[in-house]
Amino acid sequence: MLKLPELKIGKFTARIPIVQGGMSVRVSTSSLAAAVAECGGVGTIGGSGIPIDDLKEDIRKAKRMTRGIVAVNIMFAVREFMDTVMASIEAGVDMIVTGAGFSRDIFKVGKEHNVPIVSIVSSPEFGKLAERSGADAIVVEAKEAGGHLGTDRPLRELFPEVRKVVTKVPLIAAGGITDGFEIGEMLGKYGADGVQMATRFVLTKECDVSDAFKEVYLNARQEDVLLMDSPVGLPGRAIRNYFLDRLQGGENVYDGECKRNCLKKCTHSFCIIDRLDLSRNGDVKDGLVFSGENVWKLKDIPTVRSLIDRLVEEAESVYAPVPA
């Protein structure tokens, strides 16, 4: 049985090649990110949909809780993108993950402050552009992912195409990965340098969303996981509930005047921050519950430590690197 390889991103080395995906609007906060980092993976705080001062404090809290690698995920689509990047660097974050659009300026900032930048892409073209622009690692996020999606193509079809054109920096597979056997497959058969998992980590003791939110995940059936139109201008993947039925039935769910002005572009069909906040806090009827496509496969709520131990054991039982 082979040990899993380490994941090197810039000046950092994660002992375990697992990146916990950043989930915004306080779904992945310091409690989850620090627990993952402490186990040897990359723990990621969701940096969008949260006041900048609160984010800075949460980054500092995570850094006090672990000596491991703490990242922050910041959507390019947010209006205060660069302010949030600079605030995160000031707070001492180890690396920045960014997607939902593409910023060239971020790479210069990363180099100036010696903070690795990880780009999330959903096509070979953007993978090549990110590598050429100076990304320290690239996440290939396919259609099975949760939240906002940049493609309708499955991971095992998309990843090899990006792998062909990205050759100089680590390439991380994301979208629908739920267990260690799939981690071993992506690292061995597909040549990924690491995997990113978000949905699986919601169902852990350390993820501090409401119990009601976790119950929706546990009870989800395959047919309950749907695509919807997000005000961000991208499709989103969420679990069917009363709010989603209203939205997809064509009902007007607009919440009134925009109070946040948080996005560069917004259709104002509803306030996505408010709806995500509702579900996170336990109102899973009127809130929006984002999840990955394979959430229906998840049936337990372990600690982060026991989950990662299980993932590594499963992955190592099948991991066999394909010769280059």
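The values are calculated or read from the model by the stated rules, or taken from the named source; none is laboratory data. Not measured: the values here are computed from a predicted model. Note: ideal-geometry Cβ built from the backbone for every residue, glycine included; neighbour counts use all protein chains shown.
Values for this structure:
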| quantity | calculated |
| --- | --- |
| Region 285-295: number of residues that are touching a helix residue (DSSP H, G or I) at 6+ places or on another chain (Cβ under 6 Å) and surrounded by fewer than 24 Cβ atoms within 10 Å (Cβ to Cβ) | 2 |
| Which listed residue is part of a helix (DSSP H, G or I), under 25 Å from Phe76 (Cα atoms) and either in contact with a helix residue (DSSP H, G or I) (Cβ under 6 Å, 6 or more places away or on another chain) or of a type in the set (Phe, Trp, Tyr) (or both), from Phe213, Phe201 | Phe201 |
| Selection within region 88-103 - in a loop (DSSP other than H, G, I, E, B) and more than 14 Å from the chain's Cα centre (by Cα) | Ala91, Gly92, Val93, Asp94, Gly101, Phe102, Ser103 |
| Top-ranked residue of region 13-26 - restricted to ones that are buried (at least 19 other Cβ atoms within 10 Å of the Cβ) and out of contact with any Leu (no Cβ under 8 Å at 6 or more places or on another chain), ranked as farthest from Phe81 (Cα to Cα) | Gly21 |
| Only listed residue being touching a helix residue (DSSP H, G or I) at 6+ places or on another chain (Cβ under 6 Å), touching a residue at least 40 places away in the same chain (Cβ under 8 Å) and crowded, with 20+ Cβ neighbours inside 10 Å, chosen from Gly184, Gly282 | Gly184 |
| Residues (assigned to a strand (DSSP E or B), touching an Asp or Glu at 6+ places or on another chain (Cβ under 9 Å) and more than 19 Å from Glu6 (Cα to Cα)) located in region 120-169 | Ile120, Val121 |
| Condition met for Gly68 (buried (at least 18 other Cβ atoms within 10 Å of the Cβ) and at pLDDT 95 or above) | yes |
| Which numbered condition Gly99 misses (of (1) in contact with a strand residue (DSSP E or B) (Cβ under 6 Å, 6 or more places away or on another chain); (2) surrounded by fewer than 17 Cβ atoms within 10 Å (Cβ to Cβ); (3) small (Gly, Ala, Ser)) | (2) |
| Every residue from region 127-157 that is buried (at least 24 other Cβ atoms within 10 Å of the Cβ) and either of a type outside the set (Val, Ile, Thr) or outside the structural domain of Ala71 (by TED's automatic domain parsing) (or both) | Gly127, Ala130, Ala135, Ala137, Glu141, Ala142, Ala145, Gly146, Gly147, Leu155 |
| Residue identified as in contact (Cβ under 8 Å) with a residue 12 or more places away in the chain and either under 12 Å from the mean Cα position of the chain (by Cα) or not in a helix (DSSP H, G or I) (or both) among Lys3, Lys56 | Lys3 |
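Residue-by-condition table, conditions (1) modelled with pLDDT of 95 or more; (2) farther than 27 Å from Ser31 by Cα:
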position	(1), (2)
Val169	yes, yes
Gly176	yes, no
Asp179	yes, no
Gly191	yes, yes
Gly194	yes, no
Thr204	yes, no
Glu251	no, yes
Lys264	no, yes
His268	no, yes
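One line per residue, one yes/no per condition, for (1) assigned to a helix (DSSP H, G or I); (2) in contact with a Phe, Trp or Tyr (Cβ under 8 Å, 6 or more places away or on another chain); (3) among the aromatic types (Phe, Trp, Tyr):
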{"residue": "Cys266", "(1), (2), (3)": "no, no, no"}
{"residue": "Arg275", "(1), (2), (3)": "yes, yes, no"}
{"residue": "Asp286", "(1), (2), (3)": "no, yes, no"}
{"residue": "Trp296", "(1), (2), (3)": "yes, no, yes"}
{"residue": "Leu311", "(1), (2), (3)": "yes, no, no"}
{"residue": "Pro321", "(1), (2), (3)": "no, no, no"}
